[in-house]
Amino acid sequence: MPLPHRTGMGGMRTISYGGGVQSTAMIVLACTGRIPDVDAALFANVGDDSEHPASVAYVKDVMRPWAHARGLPVLELDRVRRDGSTETLYQRLTRPGSRSLPIPVRMNDTGAPGTRNCTADFKIKVIDRWLRQHGATKDDPAVTLIGISTDEIQRLNNKRDAPYSRPEYPLIDLGLSRQDCINVITDAGLPAPGKSSCYFCPFHRDSAWLDLHRDNPELFDKAADLETLLNERRRMLGKDPVWLTRHSMPLRDAINTDQMDLPLWADGCDSGHCFT
């Protein structure tokens, strides 16, 4: 399915598609004309070994064929190294000798999230590179449609991390909440997706960890093993441990604590490229 090469008037218009409720609703709205002039939906896949498998399955088995049948391409983008090989977030975290901690791990004692580079490196920059390759320039940037709904307006972020695109927020413009987005999806005859994220994301609410432990214990164990690996490396470097929850204890211990139902920090990923 060829893509138009636009110049002027804001350039190409694409949806930043994460596989969650809000960005899925944007695709439905684009296919039904309520969001006009959308050229493609771009799914920056941080890795089949990193994204929650349910999100990947929804994108590939449900949304992509549905949108393609209605003339809107849903394109899967990978992070590509300079040597041409692809890199996933899980690979970066587990690479032998790696000291990289691009995910917002929780700091010891405080539970506050640390530095977060994962969204920038594996979503924003990946999409921006694709847009540049397809005609966007700094003087004539593309438009990236971000799936933030009215009940998440605190996540609006006008910081320009992507020099080849500028954000727009059509769900805000249309006055749509997350529940409105679910209604848009189901009214189109589609199942509503779950919340999109990496299965090991430290921004998970306690309820998400409890659900993962109950419904997908193998994936829960993989997240716990990742936390153990990161801390083994930090011990060798003489650094304090970090955690995947704010409880300042190993994930396998945290899942059994009676503190698991306490209020959490806000999601924190305010770019809108994750959790949508």
Which of the residues that make up the stretch 40-81 are in contact with a Ser or Thr (Cβ under 9 Å, 6 or more places away or on another chain), within 20 Å of VAL184 (Cα to Cα) and part of a loop (DSSP other than H, G, I, E, B)?
-> ARG70
Among the residues of the stretch 170-184, which ones are surrounded by 21 or more Cβ atoms within 10 Å (Cβ to Cβ) and either of a type in the set (A, V, I, L, M) or within 16 Å of the chain's Cα centre (by Cα) (or both)?
-> LEU171, LEU176, VAL184
Residue match in the stretch 255-273 (condition: exposed (fewer than 14 other Cβ atoms within 10 Å of the Cβ) and either among the aromatic types (Phe, Trp, Tyr) or modelled with pLDDT of 95 or more (or both)) = no
What number of residues within the stretch 229-244 satisfy the criterion of being over 19 Å from THR115 (Cβ atoms) and either surrounded by 14 or more Cβ atoms within 10 Å (Cβ to Cβ) or of a type in the set (Lys, Arg) (or both)?
-> 1
Taking the stretch 170-218, which residues are assigned to a loop (DSSP other than H, G, I, E, B), touching a helix residue (DSSP H, G or I) at 6+ places or on another chain (Cβ under 8 Å) and within 21 Å of ALA67 (Cβ to Cβ)?
-> LEU176, ALA188, LEU190, PRO191, ALA192, PRO193, GLY194, LYS195, SER196
Inspect the stretch 247-254 for any residue being within 29 Å of ILE146 (Cβ to Cβ), modelled with pLDDT of 90 or more and crowded, with 19+ Cβ neighbours inside 10 Å and give the result as yes or no.
-> no
Qualifying positions in the stretch 82-108 - assigned to a loop (DSSP other than H, G, I, E, B) and touching a Ser or Thr at 6+ places or on another chain (Cβ under 8 Å) = THR88, LEU101, PRO102, PRO104, ASN108
Please verify whether the stretch 117-125 includes one or more residues that are within 26 Å of VAL184 (Cα to Cα) and not aliphatic (A, V, I, L, M).
-> yes
For the stretch 22-74, which residues satisfy the criterion of being in contact (Cβ under 8 Å) with a residue 40 or more places away in the chain, surrounded by fewer than 18 Cβ atoms within 10 Å (Cβ to Cβ) and farther than 16 Å from LEU174 by Cα?
-> ASP48, ASP49, PRO53, ALA54, VAL62, HIS68, GLY71, PRO73
List pairs: first in the stretch 194-215 and in contact (Cβ under 8 Å) with a residue 12 or more places away in the chain, second part of a strand (DSSP E or B) and of a type in the set (Phe, Trp, Tyr), Cβ under 9 Å, 6+ apart or cross-chain?
-> PRO202/TRP243
Among the candidates ALA136, ALA120, single out the residue that is modelled with pLDDT under 95, in contact with a Phe, Trp or Tyr (Cβ under 7 Å, 6 or more places away or on another chain), closer than 21 Å to VAL74 by Cα and of a type outside the set (S, T, N, Q).
-> ALA136
Single match in GLY47, GLY33 (criterion: out of contact with any Phe, Trp or Tyr (no Cβ under 8 Å at 6 or more places or on another chain) and of a type outside the set (Ser, Thr, Tyr)) | GLY33
How many residues of the stretch 135-154 are buried (at least 19 other Cβ atoms within 10 Å of the Cβ) and either closer than 18 Å to PHE203 by Cα or in contact with a Leu (Cβ under 7 Å, 6 or more places away or on another chain) (or both)? The answer is 5
Hey, could you check the stretch 191-225 for residues that are at pLDDT below 95 and of a type in the set (Gly, Ala, Ser) and say which is surrounded by the fewest Cβ atoms within 10 Å (Cβ to Cβ)?
-> SER207
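The values are calculated or read from the model by the stated rules, or taken from the named source; none is laboratory data. In this text the structure is predicted, and so the values were computed from the model without any measurement. Cβ coordinates were reconstructed from backbone atoms using ideal geometry, including for glycine residues, and neighbour counts include every protein chain displayed.
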